[in-house]
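For reference, the structure discussed in these notes is given below.
The values are calculated or read from the model by the stated rules, or taken from the named source; none is laboratory data. Please read these numbers as outputs of a predicted model, since none were measured by experiment. For neighbour counting, all protein chains shown are included, and Cβ atoms are generated from backbone atoms with ideal geometry for every residue, glycine included.
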Amino acid sequence: MDPMYWSVILLALGVAVIFLELFVPSGGLLGVLAAILIISGIIVAFMSSFHAGVSMLMVTAISLPLLIILLLKIWPQTPVGKRVLIGSIRPEDVLPSGDIYDELPKLKGKTGRAKSKMLPSGIVEINGKSYDAVSDGFAIEKGDSIIVTEVRMHKLFVRKYEPDESVALQPKPNDDSLLSKSLDELGIDPIEN
């Protein structure tokens, strides 16, 4: 039999083994076997003649990368590809969930007590439940009142809270407000038609 036939058969077997590698996880063993078959096919083509060997080498060098790209487009739809590759990642898939994590955003603005010294993290108690928290700035002593200022990435951020602070935070009526004065008090003439 002509060596060129053997060369084509070896190359075809190499391509078939590459295709098989997509469906059978072998840890690269089938890939190595495919490389050996393809290189053997090129060597056998060179045994036939130098011109046949160069032709087979060029055909392989051009078609093999195109074939691999095509097969990699198909691979994610195969059973092995679906198991190996990660699909689109949603926050629900990677962030923890459960009752405690779902209730954390509702704690923003709630007050409680520090159960441990917070330098900057520690334990706080809000509505009889304990939570891990991080101080927004300064150290908070054990037993100090705290307020939850923010919830980020399932972490509570707190700061020291003074109970009389809620009165201080409310806006005071301003007698000097321009909106509370009439046009006459401002010295503006009304618009006449």
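Tabulated results
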| read-out | value |
| --- | --- |
| Odd one out for P163 among (1) modelled with pLDDT of 75 or more; (2) in a loop (DSSP other than H, G, I, E, B) | (1) |
| Any helices (runs of 4 or more DSSP H) falling wholly within the range 1-78 and containing at least 2 residues that are at positive phi and without any contact (Cβ under 8 Å) to a residue 24 or more places away in the chain | none |
| Residue within the range 69-80 that is within 30 Å of K160 (Cβ to Cβ), surrounded by 13 or more Cβ atoms within 10 Å (Cβ to Cβ), at pLDDT below 90 and not charged (D, E, K, R) present | no |
